[in-house]
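The values are calculated or read from the model by the stated rules, or taken from the named source; none is laboratory data. Computed from a predicted model, the values in this text were never measured in an experiment. No Cβ is skipped: glycine too gets one built from the backbone with ideal geometry, and neighbour counts run over all protein chains shown.
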Amino acid sequence: MGCGRVGSGLAKDLEAAGHTVAVIDQNREAFRRLGADFNGRTVAGVGFDRDTLLEAGIEHADAFAAVSNGDNSNILAARVARETYGVANVVARIYDPARAEIYQRLGIPTVATVLWTTDQIMRRLAPEGSRSEWRDASGTIQLCEVHLHAGWFGNPAHLIETSTKARVAFITRLGEGLVPNEHTVLQEGDLVHVMVAESEIAQVELALSKSPEEL
(Lines give C-alpha, C1' and ligand atoms only; values in the text may rest on other atoms or scores of the structure.)
Protein backbone atom coordinates (compact mmCIF):
# COMPACT_ATOMS: atom_id res chain seq x y z
CA MET A 1 0.00 0.00 0.00
CA GLY A 2 1.41 3.34 -1.11
CA CYS A 3 2.99 4.16 -4.45
CA GLY A 4 5.27 7.02 -3.51
CA ARG A 5 9.02 6.85 -3.93
CA VAL A 6 9.41 4.11 -1.33
CA GLY A 7 6.40 2.07 -2.42
CA SER A 8 7.15 2.23 -6.14
CA GLY A 9 10.80 1.39 -5.58
CA LEU A 10 9.88 -1.51 -3.33
CA ALA A 11 7.35 -2.83 -5.86
CA LYS A 12 9.88 -2.73 -8.70
CA ASP A 13 12.57 -4.39 -6.58
CA LEU A 14 10.20 -7.17 -5.52
CA GLU A 15 9.11 -7.78 -9.09
CA ALA A 16 12.73 -7.85 -10.25
CA ALA A 17 13.38 -10.50 -7.61
CA GLY A 18 10.67 -12.69 -9.16
CA HIS A 19 7.70 -11.89 -6.95
CA THR A 20 4.16 -11.13 -8.09
CA VAL A 21 3.23 -7.69 -6.80
CA ALA A 22 0.03 -5.68 -6.39
CA VAL A 23 0.19 -1.97 -5.51
CA ILE A 24 -2.61 0.01 -3.84
CA ASP A 25 -2.83 3.79 -3.86
CA GLN A 26 -5.69 6.27 -3.63
CA ASN A 27 -4.25 8.32 -6.47
CA ARG A 28 -4.16 6.61 -9.88
CA GLU A 29 -1.54 9.09 -11.05
CA ALA A 30 0.88 7.63 -8.51
CA PHE A 31 1.12 4.42 -10.54
CA ARG A 32 3.15 6.29 -13.16
CA ARG A 33 6.13 5.91 -10.83
CA LEU A 34 6.09 2.16 -11.54
CA GLY A 35 7.07 2.69 -15.17
CA ALA A 36 5.89 0.99 -18.33
CA ASP A 37 7.77 -2.24 -17.55
CA PHE A 38 5.87 -3.00 -14.36
CA ASN A 39 3.74 -6.11 -14.84
CA GLY A 40 2.03 -6.22 -11.45
CA ARG A 41 -1.50 -5.28 -10.51
CA THR A 42 -2.46 -1.71 -9.61
CA VAL A 43 -5.55 -0.99 -7.52
CA ALA A 44 -6.89 2.48 -6.83
CA GLY A 45 -8.47 2.68 -3.42
CA VAL A 46 -8.00 2.94 0.33
CA GLY A 47 -5.42 0.44 1.51
CA PHE A 48 -7.31 -0.72 4.60
CA ASP A 49 -10.65 -1.12 2.81
CA ARG A 50 -11.48 -4.82 2.56
CA ASP A 51 -12.89 -4.63 -0.97
CA THR A 52 -9.72 -2.88 -2.12
CA LEU A 53 -7.52 -5.45 -0.41
CA LEU A 54 -9.50 -8.32 -1.92
CA GLU A 55 -9.16 -6.80 -5.38
CA ALA A 56 -5.42 -6.60 -4.81
CA GLY A 57 -5.32 -10.31 -3.92
CA ILE A 58 -4.78 -10.08 -0.15
CA GLU A 59 -6.22 -13.57 0.38
CA HIS A 60 -3.29 -15.08 -1.49
CA ALA A 61 -0.58 -12.69 -0.29
CA ASP A 62 2.57 -13.89 1.43
CA ALA A 63 3.55 -10.38 2.52
CA PHE A 64 2.11 -6.88 2.90
CA ALA A 65 3.92 -3.55 3.22
CA ALA A 66 2.08 -0.40 4.27
CA VAL A 67 4.25 2.51 3.12
CA SER A 68 1.84 5.37 2.46
CA ASN A 69 2.53 8.80 3.95
CA GLY A 70 0.01 8.37 6.78
CA ASP A 71 0.86 6.62 10.05
CA ASN A 72 -2.76 5.84 10.91
CA SER A 73 -3.50 4.40 7.47
CA ASN A 74 -0.34 2.31 7.51
CA ILE A 75 -0.91 0.76 10.90
CA LEU A 76 -4.61 0.14 10.25
CA ALA A 77 -3.88 -1.53 6.90
CA ALA A 78 -1.10 -3.62 8.46
CA ARG A 79 -3.41 -4.81 11.23
CA VAL A 80 -6.19 -5.72 8.79
CA ALA A 81 -3.71 -7.65 6.60
CA ARG A 82 -2.35 -9.60 9.54
CA GLU A 83 -5.36 -10.03 11.80
CA THR A 84 -8.16 -10.40 9.23
CA TYR A 85 -6.38 -12.12 6.36
CA GLY A 86 -3.54 -13.85 8.22
CA VAL A 87 -0.73 -12.49 6.04
CA ALA A 88 2.48 -13.91 7.48
CA ASN A 89 4.91 -11.08 6.74
CA VAL A 90 3.59 -7.59 7.44
CA VAL A 91 5.45 -4.32 7.98
CA ALA A 92 4.28 -0.73 8.42
CA ARG A 93 6.25 2.46 7.90
CA ILE A 94 5.68 4.87 10.80
CA TYR A 95 6.96 8.43 11.03
CA ASP A 96 6.30 8.93 14.75
CA PRO A 97 9.08 7.10 16.69
CA ALA A 98 7.07 6.87 19.92
CA ARG A 99 4.09 5.40 18.12
CA ALA A 100 6.32 2.98 16.21
CA GLU A 101 7.73 1.58 19.44
CA ILE A 102 4.23 0.97 20.81
CA TYR A 103 3.18 -0.97 17.72
CA GLN A 104 6.47 -2.87 17.73
CA ARG A 105 5.80 -4.03 21.27
CA LEU A 106 2.31 -5.11 20.21
CA GLY A 107 3.94 -7.40 17.67
CA ILE A 108 3.37 -5.26 14.57
CA PRO A 109 6.72 -4.88 12.76
CA THR A 110 7.41 -1.25 11.94
CA VAL A 111 10.04 0.84 10.21
CA ALA A 112 10.27 4.22 11.95
CA THR A 113 11.62 6.51 9.22
CA VAL A 114 12.61 9.41 11.45
CA LEU A 115 14.05 7.17 14.15
CA TRP A 116 16.06 5.17 11.63
CA THR A 117 17.47 8.29 9.97
CA THR A 118 18.50 10.01 13.19
CA ASP A 119 19.96 6.75 14.48
CA GLN A 120 22.10 6.33 11.36
CA ILE A 121 23.42 9.89 11.65
CA MET A 122 24.11 9.56 15.37
CA ARG A 123 26.11 6.42 14.75
CA ARG A 124 28.48 8.47 12.60
CA LEU A 125 28.60 11.56 14.83
CA ALA A 126 28.93 9.79 18.18
CA PRO A 127 30.01 6.16 17.74
CA GLU A 128 30.44 5.41 21.45
CA GLY A 129 28.10 2.91 23.06
CA SER A 130 25.70 0.97 20.88
CA ARG A 131 23.01 1.72 18.31
CA SER A 132 19.95 -0.46 17.87
CA GLU A 133 19.46 -1.80 14.34
CA TRP A 134 16.61 -4.25 14.93
CA ARG A 135 14.53 -5.62 17.78
CA ASP A 136 12.21 -8.60 17.99
CA ALA A 137 8.46 -8.10 18.26
CA SER A 138 8.51 -8.39 22.06
CA GLY A 139 11.23 -5.77 22.38
CA THR A 140 13.44 -8.03 24.50
CA ILE A 141 16.16 -8.87 21.96
CA GLN A 142 18.10 -6.32 19.94
CA LEU A 143 20.61 -6.35 17.12
CA CYS A 144 23.06 -3.56 17.90
CA GLU A 145 26.13 -2.07 16.30
CA VAL A 146 28.59 -1.72 19.19
CA HIS A 147 31.61 0.50 19.68
CA LEU A 148 34.75 -1.36 20.76
CA HIS A 149 37.69 -0.16 22.83
CA ALA A 150 40.83 -0.27 20.68
CA GLY A 151 42.14 -3.08 22.89
CA TRP A 152 39.70 -5.53 21.29
CA PHE A 153 41.35 -5.25 17.88
CA GLY A 154 43.75 -8.06 17.20
CA ASN A 155 41.73 -10.45 19.36
CA PRO A 156 39.42 -13.21 18.07
CA ALA A 157 35.80 -12.12 17.58
CA HIS A 158 34.56 -14.92 19.82
CA LEU A 159 36.28 -13.23 22.77
CA ILE A 160 33.31 -10.85 22.84
CA GLU A 161 31.01 -13.83 23.41
CA THR A 162 33.13 -15.35 26.15
CA SER A 163 33.54 -11.97 27.88
CA THR A 164 29.97 -10.64 27.64
CA LYS A 165 26.39 -11.87 27.25
CA ALA A 166 26.30 -10.68 23.63
CA ARG A 167 26.56 -12.86 20.52
CA VAL A 168 28.38 -11.56 17.46
CA ALA A 169 25.90 -11.68 14.56
CA PHE A 170 28.14 -10.25 11.84
CA ILE A 171 30.94 -7.80 11.13
CA THR A 172 31.00 -5.09 8.48
CA ARG A 173 34.57 -4.93 7.16
CA LEU A 174 35.60 -2.61 4.35
CA GLY A 175 31.96 -2.18 3.38
CA GLU A 176 31.17 -5.90 3.19
CA GLY A 177 29.36 -8.19 5.61
CA LEU A 178 31.26 -11.01 7.28
CA VAL A 179 29.86 -13.82 9.43
CA PRO A 180 32.66 -14.58 11.91
CA ASN A 181 33.95 -18.04 12.69
CA GLU A 182 36.41 -19.31 15.29
CA HIS A 183 39.33 -17.96 13.25
CA THR A 184 38.01 -14.41 12.70
CA VAL A 185 40.20 -11.73 14.27
CA LEU A 186 38.84 -8.26 14.96
CA GLN A 187 40.49 -5.53 12.91
CA GLU A 188 40.60 -1.77 13.34
CA GLY A 189 37.74 -0.27 11.35
CA ASP A 190 35.43 -3.26 11.85
CA LEU A 191 31.78 -2.47 12.61
CA VAL A 192 30.62 -5.18 15.00
CA HIS A 193 26.95 -6.13 15.21
CA VAL A 194 25.77 -8.21 18.16
CA MET A 195 22.56 -9.83 19.35
CA VAL A 196 21.85 -9.03 22.99
CA ALA A 197 18.97 -9.00 25.45
CA GLU A 198 17.76 -5.45 26.01
CA SER A 199 18.27 -5.85 29.75
CA GLU A 200 21.96 -6.65 29.16
CA ILE A 201 22.81 -3.80 26.77
CA ALA A 202 24.20 -1.45 29.42
CA GLN A 203 26.49 -4.15 30.82
CA VAL A 204 27.68 -5.14 27.34
CA GLU A 205 28.41 -1.51 26.44
CA LEU A 206 30.39 -1.08 29.66
CA ALA A 207 32.44 -4.21 29.02
CA LEU A 208 33.23 -3.32 25.40
CA SER A 209 34.25 0.22 26.36
CA LYS A 210 37.20 -1.34 28.21
CA SER A 211 40.05 -3.41 26.87
CA PRO A 212 39.69 -7.19 27.38
CA GLU A 213 42.56 -7.10 29.89
CA GLU A 214 40.51 -4.82 32.14
CA LEU A 215 37.59 -7.23 32.43
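Results, tabulated for the structure shown:
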item	result
Every residue from segment 149-166 that is in a loop (DSSP other than H, G, I, E, B) and of a type outside the set (S, T, N, Q)	HIS149, PHE153, GLY154, ALA157, LYS165, ALA166
Every residue from segment 41-59 that is farther than 15 Å from GLY4 by Cβ, crowded, with 17+ Cβ neighbours inside 10 Å and in contact (Cβ under 8 Å) with a residue 24 or more places away in the chain	VAL46, PHE48, THR52, LEU53, ALA56, ILE58
Hits in segment 165-176 (condition: surrounded by fewer than 13 Cβ atoms within 10 Å (Cβ to Cβ) and either farther than 28 Å from ALA137 by Cα or in contact with a His (Cβ under 9 Å, 6 or more places away or on another chain) (or both))	LEU174, GLY175
Checking ALA98 against (1) among the aliphatic types (A, V, I, L, M); (2) touching a residue at least 40 places away in the same chain (Cβ under 8 Å); (3) not in a loop (DSSP other than H, G, I, E, B), the condition it does not meet	(2)
Residue tally, condition aromatic (Phe, Trp, Tyr) and within 21 Å of ARG82 (Cα to Cα), over segment 10-58	1
Verdict on ASP13 being surrounded by fewer than 14 Cβ atoms within 10 Å (Cβ to Cβ), under 16 Å from ASN89 (Cβ atoms) and in the same structural domain as ILE58 (by TED's automatic domain parsing)	yes
Total residues in segment 21-39, condition surrounded by fewer than 17 Cβ atoms within 10 Å (Cβ to Cβ) and among the small types (Gly, Ala, Ser)	2
Considering residues of segment 179-215 that are assigned to a strand (DSSP E or B) and surrounded by fewer than 15 Cβ atoms within 10 Å (Cβ to Cβ) only, the residue nearest to the chain's Cα centre (by Cα)	ALA197
Filter pass, ALA81 being closer than 21 Å to THR20 by Cβ, out of contact with any helix residue (DSSP H, G or I) (no Cβ under 8 Å at 6 or more places or on another chain) and modelled with pLDDT of 90 or more	no
Complete set of residues in segment 64-109 that are surrounded by fewer than 18 Cβ atoms within 10 Å (Cβ to Cβ), polar (S, T, N, Q) and farther than 15 Å from ASP49 by Cα	ASN69, ASN89
